[in-house]
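Participant: Let me begin by handing over the structure; questions about it come next.
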Amino acid sequence: MRIPSTLVEVLLVLALFCCSLWTVWSSTTLCQQTNEEVRPHSVSITEFGAVGDGVTLNTKAFQNAIFYLNSFADKGGAKLFVPAGRWLTGSFDLISHLTLSLDKDAVILGSTNPEDWPVVDPLPSYGRGRELPGGRHKSLIYGHNLTDVIITGNNGTIDGQGSIWWNRFWNRSLDYTRPHLVELMNSTGVLISNLTFLNSPFWTIHPVYCSQVTVQNVRILAPHDSPNTDGIDPDSSDNVCIEDCYISTGDDLIAIKSGWDEYGIAYGRPSTNIIIHRLVGRTQTSGIAIGSEMSGGVSEVHAEDIQFYDSYNAIRIKTSPGRGGYVRNIYVSNVTLANVDIAITFTGLYGEHPDDAYNPNALPVIEKITIKDVVGENIKTAGLIEGIEGDNFVNICLSNIILNVTSNYPWNCSYVKGYSDLVQPEACEPLKERIFPGHCSDCYYLTNQIQSSNSQNRGDIRG
């Protein structure tokens, strides 16, 4: 039966009144058009003896060029131009007020000799290398304590040639944790744009302890069987904008992190104000993930206009006893899925700890997660939402989700509590209670989002 339109209007007014109590954080204030800084000084890597034949090792040329350009840091900064060619190099460090700019036919190639990737200290919020105790290999392109850094190009390419590292991972012959392709640490004012990133040895782009980071219009590609080749991993970072990206890799396309167990708790730097707009991709793991290393906390994440296809998980939260921390105030909207195994996954028992010193009683707080306006075709399972016994995930809100599910058991939920409206197939029992009008204030960021949902034929779905 259809609910009379007058009653719908009353419910809408009540919902609007309820939600107007919330102060809404706007993603538009963070993601704005970012233009490349014009640098008054510019040099080409060839001026420092680099040879773009794909064979000559150019690490010293990159290091010498950047050392030279450091003299212009207080004079408006400088640009290092990489022309057409294949430029083999080991790790090199960036400086403040620098633009690294690639020609459209330029390819920076990571060396296949592990000795060209120095070993550095582990991150303090991890306490050890992510894969092995001890240090970790430095990323191919690295920066520390920097301000105003741009990595860009007319769709030039940075290729980590990661297969040698993947094979060492599979063969259990690693001595230290594999390197990222790009890592910026303790830096502010970072722009990465208009580039293709290929075959990272480990996570591809890793801003850690950073602020004001923008990643725009990049492609990130790696084989689907390449281990841990995450796309973009903001880690204990704030004010991060990711827009207009295509990512197809062997692991999470985007994974938001904030430290690992007791080390992340002690370091205490959250990831917050993370914006994701217009992301397209495919993966055999997760599209957008939070965790599993989230011990410093993750909050105020807005992801909108998302398309995932031929993937395993679409939206995923991963945590575990011992993590501590929190995940709260998460808003995911306008998601289109095709050929995805599980649309929504919350995992409360995602193990693996850095050492035996973690506190198993350090339980994470997972609350105020809103997922709305999702459509999906050929979805095996709508949701696998599993909290932790004695530590329920609460205020999980699902709105206007329509999935063509092939399983006879579309939802599997435990140790969670939340609300739903306009969900097909009908949500699991712990999420069946309706959002509107009584639980609007329990759901994150539904102000200004209500009318479009309520104006649809509400009674046709739940009548």
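The values are calculated or read from the model by the stated rules, or taken from the named source; none is laboratory data. Nothing here was measured: the structure is a model prediction, and the numbers come from that model. All Cβ positions, glycine included, derive from the backbone under ideal geometry; neighbour counts span all protein chains shown. Just so you know, the surface numbers come from the protein's heavy atoms only, side chains and all, with ligands and any DNA or RNA stripped out. Shrake-Rupley method; radii C 1.70, N 1.55, O 1.52, S 1.80 Å.
Participant: Counting Lys and Arg as +1 and Asp and Glu as -1, what is the net charge of the other residues whose Cβ lies under 11 Å from the Cβ of Asp373? Walk me through the numbers on the way to the answer.
Facilitator: Numbers: positive: Lys372; negative: Glu304, Asp305.
Spelling it out: positives minus negatives among the neighbours equals -1.
Participant: Still on this model: Could you provide, to the nearest whole Å², the per residue accessible area of the stretch 264-398 with probe 1.4 Å?
Facilitator: On the way: 4270 Å² over 135 residues.
Heavy-atom accessible area per residue stands at 32 Å².
Participant: Considering only protein heavy atoms, what is the solvent-accessible area of Thr56 at a probe of 1.4 Å, reported in Å² to the nearest 10?
Facilitator: Ignoring ligands and nucleic acids, Thr56 comes out at about 50 Å².
Participant: What range in the chain is the longest one free of GluC sites (Glu not before Pro) that are in a loop by DSSP and have at most 16 other Cβ atoms within 10 angstrom? If you can, show how the numbers build up before the last one.
Facilitator: Details: sites that count: Glu36, Glu131, Glu352, Glu389, Glu426, Glu433.
The longest such stretch corresponds to 132-351.
Participant: Mind pulling the angle between the C-alpha long axis of helix 59-69 and the longest principal axis of the chain? Nearest 10 degrees, somewhere in 0 to 90.
Facilitator: Helix 59-69 sits roughly 90 degrees off the main axis of the chain.
Participant: Output wanted: per-residue J couplings in Hz (rounded whole) for the stretch 322-337, from phi through Karplus 6.51 cos²θ - 1.76 cosθ + 1.60, θ = phi - 60°, x for Gly and Pro.
Facilitator: Coupling constants for the stretch 322-337: x, 6, x, x, 7, 10, 8, 6, 10, 10, 10, 8, 6, 10, 10, 10 Hz.
Participant: Tally Lys and Arg at +1 and Asp and Glu at -1 over the other residues with C-beta under 10 Å from the C-beta of His206: what net charge comes out? Could you put the intermediate results ahead of the total?
Facilitator: On the way: positive: Lys257; negative: Glu183, Asp230, Asp233, Asp235.
With Lys, Arg at +1 and Asp, Glu at -1, the neighbours total -3.
Participant: For the pairs Lys138/Lys257; Lys257/Lys432; Lys318/Lys417, flag any whose C-alpha to C-alpha distance is greater than 25 Å.
Facilitator: Details: Lys138/Lys257 19 Å; Lys257/Lys432 30 Å; Lys318/Lys417 17 Å.
Lys257/Lys432, as the Cα separations exceed 25 Å there.
Participant: Accessible area per residue of the stretch 43-251 at 1.4 Å probe, in Å²?
Facilitator: On the way: 7090 Å² over 209 residues.
Solvent-accessible surface per residue comes out at 34 Å².
Participant: I've got another one for you. In whole Hz, with x marking every Gly and Pro, tabulate ³J(HN,Hα) for the stretch 236-245 from phi via Karplus 6.51 cos²θ - 1.76 cosθ + 1.60, θ = phi - 60°.
Facilitator: Whole-Hz 3J(HN,Hα) from phi for the stretch 236-245: 6, 10, 10, 6, 10, 10, 10, 9, 6, 10.
Participant: Continuing with this model, one more query. Amide H to amide H, which residues 5 or more places from Trp203 or on other chains are under 5 Å from it, using H placed in the peptide plane?
Facilitator: Asp230
Participant: Which net charge results when you count Lys and Arg as +1 and Asp and Glu as -1 among the other residues whose beta-carbon is under 13 Å from that of Glu262?
Facilitator: Details: positive: Arg128, Arg323; negative: Asp261, Glu293, Asp355, Asp356.
In short, -2.
Participant: Grab the Cα-Cα distance for Asp105 and Ser44, subtract it from 0.36 nm times how many residues apart they are, and report the gain in nm with one decimal. Walk me through the numbers before you get to the answer.
Facilitator: Numbers: separation 61, 0.36 × 61 = 21.96 nm, distance 1.44 nm.
Additional length available on full extension: 20.5 nm.
Participant: Let me have the relative contact order for the stretch 205-360, percent, based on Cα pairs under 8 Å that are six or more residues apart.
Facilitator: Numbers: 489 pairs, mean separation 30.4, N = 156.
About 20 percent, as a whole number.
Participant: How far, in nm, would the chain grow between Asn171 and Tyr350 when pulled straight, counting 0.36 nm per residue and subtracting the alpha carbon separation?
Facilitator: Working: separation 179, 0.36 × 179 = 64.44 nm, distance 2.39 nm.
Here the segment from Asn171 to Tyr350 would lengthen by 62.1 nm.
Participant: I'd like the Karplus ³J(HN,Hα) series for the stretch 361-372: coefficients 6.51, -1.76, 1.60, θ = phi - 60°, whole numbers in Hz, and an x wherever there's a Gly or Pro.
Facilitator: 8, 7, 9, x, 9, 10, 7, 6, 10, 10, 10, 8
Participant: Accessible area, 1.4 Å probe, largest first: how do Arg269, Arg178 sort?
Facilitator: Details: Arg269 65, Arg178 5 Å².
Highest to lowest solvent-accessible surface, that is Arg269, Arg178.
Participant: Given that compact globular proteins tend to follow 2.2 N^0.38 Å, what is the ratio of the alpha-carbon Rg of the stretch 307-410 to that value? Intermediate values should be presented prior to the final figure.
Facilitator: Values: Rg = 14.8 Å, N = 104, 2.2 N^0.38 = 12.8 Å.
In units of the globular-protein estimate, the stretch 307-410 measures up at 1.15.
Participant: Can you pull out the chymotrypsin sites (Phe, Trp or Tyr not before Pro) in the stretch 209-282 whose DSSP state is coil and whose Cβ has at most 13 other Cβ atoms within 10 Å?
Facilitator: Values: sites: Tyr209, Tyr246, Trp260, Tyr263, Tyr267; in loops: Tyr209, Trp260.
The qualifying sites: there are none.
Participant: Enter the per residue convex hull volume of the stretch 89-139, computed from alpha-carbon coordinates, in Å³ rounded to the nearest integer. Before the final figure, lay out the partial values.
Facilitator: Numbers: hull volume 6.0 nm³, N = 51.
That works out to 118 Å³ per residue.
Participant: Here's another thing I want to ask about it. Treating only the Cα positions of the chain as identical point scatterers, give the base-10 log of I(q)/I(0) from the Debye formula at each q in 0.09, 0.13 Å⁻¹.
Facilitator: The computed values of log10 I(q)/I(0) come out as -0.60, -1.14.
Participant: Carbon and sulfur: what percent of the chain's accessible surface (1.4 Å probe)?
Facilitator: Details: 8730 of 17650 Å².
C and S fraction of accessible area: 49 percent.
Participant: Calculate the dipole size of the chain relative to its Cα centre from +1 charges on Lys and Arg beta carbons and -1 charges on Asp and Glu beta carbons; express the result in debye to the nearest 20.
Facilitator: Numbers: 31 positive and 49 negative charges, 70 e Å.
My answer is approximately 340 debye.
Participant: Quick check: with the 1.4 Å probe, what order do Asp53, Asp355 take by accessible area, largest first? List each step's numbers first, then the result.
Facilitator: Details: Asp53 80, Asp355 45 Å².
Ranking Asp53, Asp355 by accessible area, largest first, yields Asp53, Asp355.
Participant: Compute the acute angle (0 to 90°) between the alpha-carbon long axis of helix 5-19 and the principal axis of greatest extent of the alpha-carbon atoms of the chain; round to the nearest 10°.
Facilitator: So the inclination is approximately 50 degrees.
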